[in-house]
1. What is the magnitude of the charge dipole of the stretch 185-330 about its Cα centre, with +1 placed on the Cβ of each Lys and Arg, -1 on the Cβ of each Asp and Glu, and no other charges, expressed in debye to the nearest 20?
2. Of 11, 313, 26, which is farthest towards the positive pole of the chain's charge dipole, taken about the Cα centre with +1 and -1 on the beta-carbons of Lys, Arg and Asp, Glu respectively?
3. In sequence order, what are the phi-derived ³J(HN,Hα) couplings for the stretch 129-137 according to the Karplus relation 6.51 cos²θ - 1.76 cosθ + 1.60 with θ = phi - 60°, rounded to whole Hz, with x for glycine and proline?
4. Suppose every K and R has +1 on its Cβ and every D and E has -1 on its Cβ; what is the size of the dipole of the chain about the Cα centre, in Debye to the nearest 20?
5. So for the stretch 62-144, taking the charge dipole from beta-carbon charges (+1 Lys/Arg, -1 Asp/Glu), which of 130, 82, 117 sits furthest toward the positive end?
6. Of all the accessible heavy-atom surface of the chain, with the other protein chains kept in place and a 1.4 Å probe, what percent is carbon and sulfur?
7. Could you list which residues have their amide H under 5 Å from that of residue 188, counting only those 5 or more apart in sequence or on another chain, with H placed in the peptide plane?
8. Run the helix sum for the chain: -39,500 (n - 2.57) per DSSP H stretch of 4+ residues, divided by residue count, reported at 222 nm to the nearest 500 deg cm²/dmol.
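The values are calculated or read from the model by the stated rules, or taken from the named source; none is laboratory data. Just so it is clear, the model here is predicted, and its values are computed rather than measured. Reconstructed Cβ throughout: ideal geometry from the backbone, glycine too, with neighbour counts over all protein chains shown. Only protein heavy atoms, including side chains, enter the accessible area calculation; ligands, DNA and RNA are left aside. Shrake-Rupley method; radii C 1.70, N 1.55, O 1.52, S 1.80 Å.
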Amino acid sequence: MSAVETVWLLLVISLPTASGTARMRIWRALKTLGSVALRDGAYLLPAGPQGQKALRELGDECIRERGSAWLMSVVPGSADEAASFRQLFDRSEQYAELRAEWKRTHRTLSSLPLPELARLRQRLQRDFETVRAIDFFPSDASAEAEAAWLEFGKRIDGFLSPDEPRETSGRLPRLDAAKYRGRTWATRRRLWVDRVASAWLIRRFIDRDAKFRWLAKPSECPKSALGFDFDGAAFTHVGDRVTFETLLASFGLDDDPALARLGAMVHTLDVGGEQVPEAAGFQAVMAGARERLADDDALLLEISAVLDSLYLHFQRDSARGRNRKAADER
(Lines give C-alpha, C1' and ligand atoms only; values in the text may rest on other atoms or scores of the structure.)
Protein backbone atom coordinates (compact mmCIF):
# COMPACT_ATOMS: atom_id res chain seq x y z
CA MET A 1 0.00 0.00 0.00
CA SER A 2 1.46 3.39 -1.00
CA ALA A 3 1.57 6.42 1.29
CA VAL A 4 -1.39 7.92 -0.54
CA GLU A 5 -3.42 4.74 -0.05
CA THR A 6 -2.61 4.51 3.66
CA VAL A 7 -5.82 4.58 5.69
CA TRP A 8 -6.24 6.95 8.63
CA LEU A 9 -8.93 7.13 11.29
CA LEU A 10 -10.85 10.33 11.92
CA LEU A 11 -13.04 10.72 14.99
CA VAL A 12 -15.39 13.71 14.97
CA ILE A 13 -17.12 14.33 18.30
CA SER A 14 -19.36 16.89 19.93
CA LEU A 15 -20.35 17.13 23.57
CA PRO A 16 -22.90 19.31 25.41
CA THR A 17 -21.41 22.36 27.12
CA ALA A 18 -22.42 20.96 30.52
CA SER A 19 -20.28 17.83 30.04
CA GLY A 20 -17.02 19.48 31.14
CA THR A 21 -15.75 16.50 33.13
CA ALA A 22 -16.48 14.05 30.32
CA ARG A 23 -14.88 16.41 27.81
CA MET A 24 -11.63 16.50 29.82
CA ARG A 25 -11.63 12.73 30.35
CA ILE A 26 -12.10 12.04 26.63
CA TRP A 27 -9.49 14.64 25.66
CA ARG A 28 -6.93 13.01 27.96
CA ALA A 29 -7.71 9.58 26.50
CA LEU A 30 -7.26 10.91 22.97
CA LYS A 31 -3.93 12.47 23.96
CA THR A 32 -2.77 9.17 25.49
CA LEU A 33 -3.62 7.39 22.22
CA GLY A 34 -1.38 9.85 20.38
CA SER A 35 -4.14 11.32 18.24
CA VAL A 36 -3.76 14.77 16.67
CA ALA A 37 -6.49 17.43 16.76
CA LEU A 38 -7.16 18.74 13.24
CA ARG A 39 -9.59 21.21 14.77
CA ASP A 40 -11.83 21.30 17.81
CA GLY A 41 -13.63 17.95 17.95
CA ALA A 42 -11.80 16.28 15.02
CA TYR A 43 -9.02 13.81 15.87
CA LEU A 44 -6.73 11.93 13.48
CA LEU A 45 -4.93 8.66 14.17
CA PRO A 46 -3.09 6.13 11.96
CA ALA A 47 -5.35 3.16 11.28
CA GLY A 48 -4.91 0.03 13.33
CA PRO A 49 -7.10 -2.47 15.22
CA GLN A 50 -6.23 -1.16 18.68
CA GLY A 51 -6.62 2.48 17.72
CA GLN A 52 -9.92 1.80 16.00
CA LYS A 53 -11.28 -0.04 19.03
CA ALA A 54 -10.17 2.73 21.39
CA LEU A 55 -11.65 5.50 19.22
CA ARG A 56 -14.92 3.60 18.87
CA GLU A 57 -15.17 3.25 22.64
CA LEU A 58 -14.53 6.97 23.10
CA GLY A 59 -17.20 7.71 20.49
CA ASP A 60 -19.64 5.51 22.38
CA GLU A 61 -18.81 7.40 25.57
CA CYS A 62 -19.60 10.70 23.82
CA ILE A 63 -23.00 9.34 22.78
CA ARG A 64 -23.71 8.19 26.36
CA GLU A 65 -22.97 11.76 27.45
CA ARG A 66 -25.73 12.93 25.03
CA GLY A 67 -23.20 14.09 22.47
CA SER A 68 -22.47 12.83 18.96
CA ALA A 69 -19.61 10.89 17.38
CA TRP A 70 -18.61 9.76 13.90
CA LEU A 71 -15.66 7.44 13.27
CA MET A 72 -14.47 7.49 9.67
CA SER A 73 -11.71 6.00 7.54
CA VAL A 74 -9.77 8.62 5.58
CA VAL A 75 -7.41 8.19 2.61
CA PRO A 76 -5.14 11.12 1.64
CA GLY A 77 -5.90 12.58 -1.78
CA SER A 78 -2.25 13.02 -2.79
CA ALA A 79 1.31 12.22 -1.79
CA ASP A 80 1.71 15.74 -0.39
CA GLU A 81 -1.39 15.32 1.74
CA ALA A 82 -0.13 11.95 2.99
CA ALA A 83 3.20 13.55 3.91
CA SER A 84 1.41 16.35 5.76
CA PHE A 85 -0.58 13.78 7.75
CA ARG A 86 2.61 12.00 8.80
CA GLN A 87 4.25 15.29 9.71
CA LEU A 88 1.51 15.92 12.24
CA PHE A 89 2.81 12.91 14.16
CA ASP A 90 6.46 13.95 14.22
CA ARG A 91 7.67 13.42 17.80
CA SER A 92 11.07 15.09 17.38
CA GLU A 93 10.15 18.00 19.65
CA GLN A 94 8.97 15.68 22.41
CA TYR A 95 12.18 13.65 22.21
CA ALA A 96 14.18 16.89 22.37
CA GLU A 97 12.31 17.92 25.53
CA LEU A 98 13.05 14.54 27.13
CA ARG A 99 16.75 14.77 26.29
CA ALA A 100 16.91 18.31 27.67
CA GLU A 101 15.41 17.08 30.95
CA TRP A 102 17.91 14.19 31.11
CA LYS A 103 20.73 16.68 30.64
CA ARG A 104 19.43 18.94 33.42
CA THR A 105 18.81 16.00 35.73
CA HIS A 106 22.27 14.55 35.21
CA ARG A 107 23.81 17.35 37.29
CA THR A 108 21.81 16.34 40.38
CA LEU A 109 22.21 12.54 40.31
CA SER A 110 25.08 12.31 42.80
CA SER A 111 23.18 14.36 45.41
CA LEU A 112 19.96 12.33 45.43
CA PRO A 113 19.21 9.65 48.06
CA LEU A 114 18.77 6.16 46.61
CA PRO A 115 14.96 5.87 46.96
CA GLU A 116 14.49 9.22 45.22
CA LEU A 117 17.01 8.24 42.54
CA ALA A 118 15.14 4.98 41.91
CA ARG A 119 11.84 6.85 41.62
CA LEU A 120 13.43 9.36 39.26
CA ARG A 121 14.71 6.61 36.98
CA GLN A 122 11.31 4.99 36.85
CA ARG A 123 9.52 8.27 36.10
CA LEU A 124 11.95 9.25 33.35
CA GLN A 125 11.74 5.82 31.74
CA ARG A 126 7.93 5.94 31.92
CA ASP A 127 7.97 9.35 30.20
CA PHE A 128 10.24 8.01 27.47
CA GLU A 129 8.11 4.90 26.94
CA THR A 130 5.00 7.09 26.72
CA VAL A 131 6.45 9.02 23.80
CA ARG A 132 7.72 5.87 22.11
CA ALA A 133 4.28 4.27 22.36
CA ILE A 134 2.75 7.03 20.23
CA ASP A 135 5.70 7.41 17.83
CA PHE A 136 3.97 5.80 14.86
CA PHE A 137 6.65 6.85 12.36
CA PRO A 138 10.07 6.48 14.07
CA SER A 139 12.82 8.69 12.71
CA ASP A 140 16.44 9.59 13.44
CA ALA A 141 15.18 11.56 16.44
CA SER A 142 13.71 8.43 18.03
CA ALA A 143 16.89 6.40 17.42
CA GLU A 144 19.06 9.16 18.88
CA ALA A 145 16.77 9.48 21.91
CA GLU A 146 16.87 5.73 22.53
CA ALA A 147 20.66 5.73 22.44
CA ALA A 148 20.75 8.74 24.78
CA TRP A 149 18.32 7.07 27.20
CA LEU A 150 20.38 3.86 27.32
CA GLU A 151 23.46 5.88 28.17
CA PHE A 152 21.66 8.03 30.73
CA GLY A 153 19.97 5.00 32.31
CA LYS A 154 23.38 3.38 32.78
CA ARG A 155 24.62 6.50 34.55
CA ILE A 156 21.73 6.36 37.00
CA ASP A 157 22.31 2.62 37.50
CA GLY A 158 25.93 3.40 38.27
CA PHE A 159 24.80 5.43 41.28
CA LEU A 160 22.15 2.90 42.29
CA SER A 161 24.46 -0.08 41.98
CA PRO A 162 28.21 0.59 41.57
CA ASP A 163 30.37 -2.06 39.88
CA GLU A 164 27.43 -3.47 37.90
CA PRO A 165 28.76 -6.29 35.66
CA ARG A 166 29.30 -5.77 31.95
CA GLU A 167 27.48 -8.00 29.51
CA THR A 168 29.45 -11.02 28.22
CA SER A 169 28.79 -13.34 25.33
CA GLY A 170 28.80 -17.10 25.30
CA ARG A 171 26.62 -20.16 25.52
CA LEU A 172 25.14 -21.32 28.80
CA PRO A 173 25.76 -24.99 29.61
CA ARG A 174 23.01 -26.78 31.54
CA LEU A 175 24.20 -27.41 35.11
CA ASP A 176 23.17 -29.99 37.70
CA ALA A 177 21.95 -28.22 40.84
CA ALA A 178 22.89 -31.28 42.93
CA LYS A 179 26.55 -30.38 42.38
CA TYR A 180 26.04 -26.85 43.70
CA ARG A 181 24.60 -27.56 47.13
CA GLY A 182 25.99 -26.47 50.46
CA ARG A 183 28.24 -23.89 48.79
CA THR A 184 29.29 -20.37 49.64
CA TRP A 185 28.04 -17.79 47.13
CA ALA A 186 29.46 -14.30 46.93
CA THR A 187 28.33 -11.01 45.43
CA ARG A 188 28.75 -7.28 45.98
CA ARG A 189 27.33 -5.93 49.21
CA ARG A 190 24.51 -3.34 49.48
CA LEU A 191 22.21 -5.57 47.47
CA TRP A 192 20.11 -4.20 44.66
CA VAL A 193 17.47 -5.82 42.44
CA ASP A 194 19.44 -8.38 40.40
CA ARG A 195 21.66 -9.43 43.28
CA VAL A 196 18.91 -9.83 45.87
CA ALA A 197 16.65 -11.68 43.41
CA SER A 198 19.54 -13.94 42.39
CA ALA A 199 20.35 -14.72 46.04
CA TRP A 200 16.67 -15.56 46.64
CA LEU A 201 16.64 -17.81 43.56
CA ILE A 202 19.81 -19.60 44.66
CA ARG A 203 18.53 -20.37 48.14
CA ARG A 204 14.96 -21.14 47.00
CA PHE A 205 15.62 -23.35 43.96
CA ILE A 206 19.32 -24.19 43.59
CA ASP A 207 21.11 -24.47 46.94
CA ARG A 208 18.78 -24.43 49.97
CA ASP A 209 21.80 -24.54 52.32
CA ALA A 210 23.61 -21.70 50.55
CA LYS A 211 25.77 -19.35 52.59
CA PHE A 212 26.37 -15.85 51.29
CA ARG A 213 29.37 -13.53 51.41
CA TRP A 214 28.79 -9.85 50.75
CA LEU A 215 31.87 -8.33 49.17
CA ALA A 216 33.15 -4.76 49.51
CA LYS A 217 34.69 -5.26 46.06
CA PRO A 218 34.67 -8.20 43.61
CA SER A 219 38.41 -8.79 43.97
CA GLU A 220 37.78 -9.98 47.55
CA CYS A 221 35.78 -13.01 46.37
CA PRO A 222 37.28 -16.21 47.89
CA LYS A 223 38.44 -18.78 45.33
CA SER A 224 36.22 -21.40 46.95
CA ALA A 225 33.09 -19.24 46.60
CA LEU A 226 30.72 -19.09 43.64
CA GLY A 227 30.59 -15.46 42.59
CA PHE A 228 27.54 -13.91 40.99
CA ASP A 229 26.64 -10.57 39.41
CA PHE A 230 30.07 -9.03 38.91
CA ASP A 231 32.65 -9.15 36.12
CA GLY A 232 34.50 -12.47 36.12
CA ALA A 233 31.93 -14.16 38.39
CA ALA A 234 30.77 -17.74 37.80
CA PHE A 235 27.28 -16.36 37.10
CA THR A 236 26.78 -12.89 35.65
CA HIS A 237 25.24 -11.08 32.68
CA VAL A 238 25.47 -13.19 29.51
CA GLY A 239 24.21 -11.83 26.20
CA ASP A 240 21.03 -9.93 26.95
CA ARG A 241 20.42 -11.88 30.17
CA VAL A 242 20.86 -10.34 33.60
CA THR A 243 22.32 -12.58 36.32
CA PHE A 244 18.92 -13.79 37.53
CA GLU A 245 18.08 -14.93 33.97
CA THR A 246 21.53 -16.52 33.58
CA LEU A 247 20.87 -18.61 36.69
CA LEU A 248 17.42 -19.59 35.38
CA ALA A 249 18.87 -20.79 32.08
CA SER A 250 21.92 -22.46 33.63
CA PHE A 251 19.89 -24.60 36.02
CA GLY A 252 16.92 -25.34 33.74
CA LEU A 253 14.50 -23.14 35.65
CA ASP A 254 13.46 -20.96 32.71
CA ASP A 255 10.54 -23.24 31.80
CA ASP A 256 8.74 -22.17 35.00
CA PRO A 257 6.32 -19.41 33.85
CA ALA A 258 6.26 -17.77 37.27
CA LEU A 259 10.07 -17.59 37.46
CA ALA A 260 10.16 -16.32 33.87
CA ARG A 261 7.85 -13.45 34.85
CA LEU A 262 10.07 -12.65 37.83
CA GLY A 263 13.01 -12.71 35.43
CA ALA A 264 11.29 -10.20 33.15
CA MET A 265 10.69 -7.92 36.14
CA VAL A 266 14.31 -8.13 37.30
CA HIS A 267 15.55 -7.54 33.74
CA THR A 268 13.45 -4.39 33.39
CA LEU A 269 14.61 -2.95 36.69
CA ASP A 270 18.26 -3.86 36.14
CA VAL A 271 18.90 -2.92 32.51
CA GLY A 272 15.59 -1.55 31.21
CA GLY A 273 13.27 -2.92 28.56
CA GLU A 274 9.59 -3.65 28.26
CA GLN A 275 7.72 -2.46 31.32
CA VAL A 276 6.35 -5.06 33.74
CA PRO A 277 3.32 -3.97 35.84
CA GLU A 278 4.73 -5.29 39.12
CA ALA A 279 8.17 -3.71 38.63
CA ALA A 280 7.32 -0.29 40.07
CA GLY A 281 5.93 -1.73 43.31
CA PHE A 282 8.87 -4.09 43.80
CA GLN A 283 11.37 -1.32 43.12
CA ALA A 284 9.68 0.93 45.69
CA VAL A 285 9.75 -1.82 48.34
CA MET A 286 13.37 -2.64 47.50
CA ALA A 287 14.51 0.98 47.66
CA GLY A 288 12.77 1.56 50.98
CA ALA A 289 14.10 -1.65 52.54
CA ARG A 290 17.62 -0.90 51.31
CA GLU A 291 17.47 2.54 52.89
CA ARG A 292 16.15 1.16 56.18
CA LEU A 293 18.30 -1.98 56.54
CA ALA A 294 22.08 -1.65 56.49
CA ASP A 295 22.63 -5.40 56.98
CA ASP A 296 22.46 -7.40 53.72
CA ASP A 297 21.39 -10.61 55.49
CA ALA A 298 18.40 -8.76 56.93
CA LEU A 299 17.68 -7.18 53.55
CA LEU A 300 17.75 -10.58 51.81
CA LEU A 301 15.41 -12.04 54.44
CA GLU A 302 12.89 -9.22 54.04
CA ILE A 303 12.93 -9.10 50.25
CA SER A 304 12.78 -12.92 50.05
CA ALA A 305 9.32 -12.76 51.60
CA VAL A 306 8.27 -10.26 48.92
CA LEU A 307 9.66 -12.48 46.15
CA ASP A 308 7.95 -15.55 47.65
CA SER A 309 4.65 -13.68 47.47
CA LEU A 310 5.22 -12.48 43.92
CA TYR A 311 6.20 -16.00 42.84
CA LEU A 312 3.00 -17.45 44.31
CA HIS A 313 0.96 -14.70 42.64
CA PHE A 314 2.57 -15.42 39.26
CA GLN A 315 2.01 -19.16 39.71
CA ARG A 316 -1.70 -18.71 40.34
CA ASP A 317 -2.01 -16.18 37.54
CA SER A 318 -0.38 -18.64 35.11
CA ALA A 319 -2.69 -21.42 36.29
CA ARG A 320 -5.75 -19.23 35.72
CA GLY A 321 -4.47 -18.42 32.23
CA ARG A 322 -4.06 -22.12 31.42
CA ASN A 323 -7.53 -22.90 32.73
CA ARG A 324 -9.08 -20.13 30.61
CA LYS A 325 -7.25 -21.38 27.53
CA ALA A 326 -8.39 -24.96 28.17
CA ALA A 327 -11.97 -23.78 28.63
CA ASP A 328 -11.83 -21.82 25.36
CA GLU A 329 -10.54 -24.86 23.49
CA ARG A 330 -13.33 -27.09 24.71
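1. Roughly 240 debye for the stretch 185-330.
2. 313
3. Calculated HN-Hα couplings, in order: 5, 5, 5, 4, 5, 10, 8, 6, 9 Hz.
4. Numbers: 49 positive and 48 negative charges, 185 e Å.
That gives the chain a dipole magnitude of about 880 debye.
5. 117
6. Numbers: 9140 of 18090 Å².
The computed percentage sits at 51.
7. Here the answer is 215, since their amide H atoms fall under 5 Å of that of residue 188.
8. -17500 deg cm²/dmol
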